[in-house]
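For reference, the structure is listed below as structure tokens.
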Amino acid sequence: MAEDSMEQEAGHEKRAASNHRLWMPFSIAGIALAVVVIVFRIPDLDLNLKVMLTMVVVLPALLLEFVWFLFLSRLLWRVRLAFTALLALVIFGLGKMVRVDGTINGTGLPKLVWRWTPRAIHPGAFRVAAGAPMTVPQSASESIPDVPQYFGPNRDGIVKDARLARDWNTSPPKQLWRQPIGAGWSAFAVVGGCAYTQEQRGETECVTCYDLLTGRLIWSHSDATRFSQWQSGDGPHATPTVYQGNVFTMGATGLLNCLDARTGRAHWSHNVLAENNLPNLIWGVSDSPLVFDDTVIVTGGLTNALTVLAYRRWNGKLLWCAGTDKASYASPILATLAGRRVVLSCNAASLTAHDPASGEILLDYPWSSDKWPKASQPVVLDGDRVFLSAGYGAGCMMLQIKPGSDGKLAATLLWKNMRMKTQFNSVAARDGFLYGLDDGLLACVDAFTGARKWKDGRYGSGQTLLVDDLVLIQSEQGDVALAEANPEGFKELGRIPALHNKTWNHPTLAGRCLLVRNGEEAACYQLPLQNTAVARRNP
């Protein structure tokens with residue numbers, strides 16, 4: 001009898017399970033899991049795209065699971081309604097207890113923190129010491145090389161003749177100073193021992209000048225404007241450009257300033273977007289002004305017009321504007337290609353080359369979709385070649401530039417692949433090889449063939465500088481690392497915990513002074529140098 005009762009109970013359980021249609025939720029979960037596994041096994045697909053595709057699969061799967069539970073599970077209605085009420089209560093409670101604090105790395109997923117988590121404390125009012133000198137003493141700054149603009153002295157990601165020591169274990173970098181700083185993803189420009197950057201302090205967007213060796217504030221210039229976006233955060237993104245005694249800056253809302261480098265006094269200013277009826281970019285204006293001769297070059301907004309604009313350097317008069325593409329997040333560069341001096345601009349869906357004097361479009365090469373950002377700098381190589389790279393499925397390509405018809409230029413695609421997906425990072429070239437962060441890992445790619453030599457290390461959405469035969473890496477987590485720029489293989493030589501939070505800012509190396517910052521703190525390190533004997537063996 002007992003055995004019959006047990007058999008009947010087991011039969012009831014099987015029928016109950018069958019009645020609940022458990023095969024449905026298990027099938028949904030199994031299919032979703034299989035798709036996610038397949039997505040993450042796709043070679044050379046950006047992590048951010050993998051995450052996006054995962055969300056496209058997981059969110060509908062969760063919705064289907066809920067539909068099954070509520071309408072098809074055949075559980076008692078009081079059970080279904082009680083669980084639904086509890087779920088709604090949990091979601092409502094979490095909504096009241098957490099807030100979005102930017103994104104998780106560079107994936108675009110919201111980073112959730114408890115609402116009572118303290119926000120970053122930024123410095124309050126600026127305090128400039130009375131009678132403070134407008135520049136650092138000449139004796140202290142005369143040996144420090146200038147880095148007057150974004151992405152290295154020549155806007156190519158290369159620092160030459162630094163002769164850094166390769167062993168940070170024996171001779172670690174020395175911290176000169178550390179202090180809070182306003183929000184923003186700007187880097188530093190260094191001229192005459194002064195370090196210039198941009199930052200957000202409350203409702204004020206500021207251009208600031210610090211003493212390079214002490215971190216003391218020398219002057220500040222303020223504009224009553226503020227940019228904020230939940231993914232990119234608060235504050236300006238561009239880096240000042242210092243040229244012949246003036247500082248040129250582009251704010252996140254499109255404010256172009258020309259300031260006196262000694263005092264911060266404004267010479268002229270333009271609201272580039274407002275004056276030209278251009279909507280702002282989703283993540284804010286990010287281009288650092290290109291300054292040469294009598295010209296200041298900036299890019300436009302999120303509309304198919306006025307992609308590149310030129311202003312007269314000494315009075316701010318609009319000289320020309322050109323282009324029919326949306327602007328993006330890279331900065332214009334000056335280059336010589338096929339015997340022509342041109343301004344190169346990486347736009348939302350194109351690479352354009354402009355005549356510096358008139359803005360005439362000499363080259364308009366289509367590149368990927370305008371739905372995804374282009375934030376990486378173009379790289380000009382020997383032989384009139386241009387390397388382009390981006391994230392979000394765009395990958396990289398090498399173009400050959402030649403004279404075209406009617407005095408213009410023509411581009412031929414040499415190779416294209418997914419072996420350098422830079423997203424926020426920009427690449428630099430040395431001895432026929434390209435070095436940069438491929439989806440967060442340091443990679444080396446043959447510039448002639450596009451073949452990847454190696455890919456290693458994990459640095460997130462960080463930044464890199466090519467320093468002689470070394471790569472200086474600012475990781476997204478805040479660490480600064482040193483690695484070899486060697487096509488034979490990857491080798492990390494040293495690492496320091498330079499900063500302590502998410503860092504998308506580019507590092508600046510002026511001589512042996514390394515300036516790093518993020519949206520909360522800034523620091524200056526003195527890097528060790530090679531001894532004389534080692535320097536002679538490594539010219």
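The values are calculated or read from the model by the stated rules, or taken from the named source; none is laboratory data. What you see is a predicted model, and the numbers here were worked out from it, not measured in a lab. Here the Cβ is made from the backbone with ideal geometry for all residues, glycine too, and neighbour counts use every protein chain on show.
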* For residue 238, are the conditions met, namely being in the same structural domain as residue 366 (by TED's automatic domain parsing), buried (at least 17 other Cβ atoms within 10 Å of the Cβ) and not in a loop (DSSP other than H, G, I, E, B)? -> no
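Let me confirm something: among 380, 285, which residue is assigned by TED's automatic domain parsing to the domain that holds residue 426, buried (at least 17 other Cβ atoms within 10 Å of the Cβ), in contact with a helix residue (DSSP H, G or I) (Cβ under 9 Å, 6 or more places away or on another chain) and of a type in the set (Val, Ile, Thr)?
Testing whether each residue is assigned by TED's automatic domain parsing to the domain that holds residue 426, buried (at least 17 other Cβ atoms within 10 Å of the Cβ), in contact with a helix residue (DSSP H, G or I) (Cβ under 9 Å, 6 or more places away or on another chain) and of a type in the set (Val, Ile, Thr) leaves just 285.
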* Asked: For the range 241-296, how many residues are in a strand (DSSP E or B), closer than 21 Å to residue 359 by Cβ and not aliphatic (A, V, I, L, M)?
  -> 9
* Kindly establish whether residue 525 is aromatic (Phe, Trp, Tyr), part of a strand (DSSP E or B), over 28 Å from residue 48 (Cα atoms) and touching a residue at least 24 places away in the same chain (Cβ under 8 Å). => yes
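Yes or no, residue by residue, for (1) more than 26 Å from the chain's Cα centre (by Cα); (2) part of a loop (DSSP other than H, G, I, E, B):
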{"position": "319", "(1), (2)": "yes, no"}
{"position": "325", "(1), (2)": "no, yes"}
{"position": "389", "(1), (2)": "no, no"}
{"position": "400", "(1), (2)": "yes, no"}
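Please tell me if residue 348 is on the phi < 0 side of the Ramachandran plot and not acidic (Asp, Glu).
Working: on the phi < 0 side of the Ramachandran plot: yes; not acidic (Asp, Glu): yes.
Taking the combined requirement at face value, the residue satisfies it.
Answer yes or no as to whether residue 100 is of a type in the set (Val, Ile, Thr), assigned to a strand (DSSP E or B) and loosely packed, with under 13 Cβ neighbours inside 10 Å. Lay out the reasoning, then the answer.
On the way: of a type in the set (Val, Ile, Thr): yes; assigned to a strand (DSSP E or B): yes; loosely packed, with under 13 Cβ neighbours inside 10 Å: yes.
Yes: the conditions hold for residue 100.
So in the range 40-70, with the set limited to residues that are touching a helix residue (DSSP H, G or I) at 6+ places or on another chain (Cβ under 7 Å) and within 19 Å of residue 420 (Cα to Cα), which one is surrounded by the most Cβ atoms within 10 Å (Cβ to Cβ)? Walk me through how you get there before you give the answer.
Quick first cut of the range 40-70, residues touching a helix residue (DSSP H, G or I) at 6+ places or on another chain (Cβ under 7 Å) only: 40, 50, 53-54, 57-58, 61, 64-65, 68-70.
In the following step, the residues that additionally are within 19 Å of residue 420 (Cα to Cα) were identified as 40, 50.
Numbers: 40: 13, 50: 17.
Going through the qualifying residues, I end up with 50.
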* Asked: Looking at the range 296-317, which of its residues are closer than 15 Å to residue 374 by Cα, under 19 Å from the mean Cα position of the chain (by Cα) and buried (at least 22 other Cβ atoms within 10 Å of the Cβ)?
  -> 299, 300
* Asked: In the range 496-504, is there at least one residue being more than 24 Å from residue 143 (Cα to Cα), assigned by TED's automatic domain parsing to the domain that holds residue 430 and either of a type in the set (Asp, Glu) or not in a loop (DSSP other than H, G, I, E, B) (or both)?
  -> yes
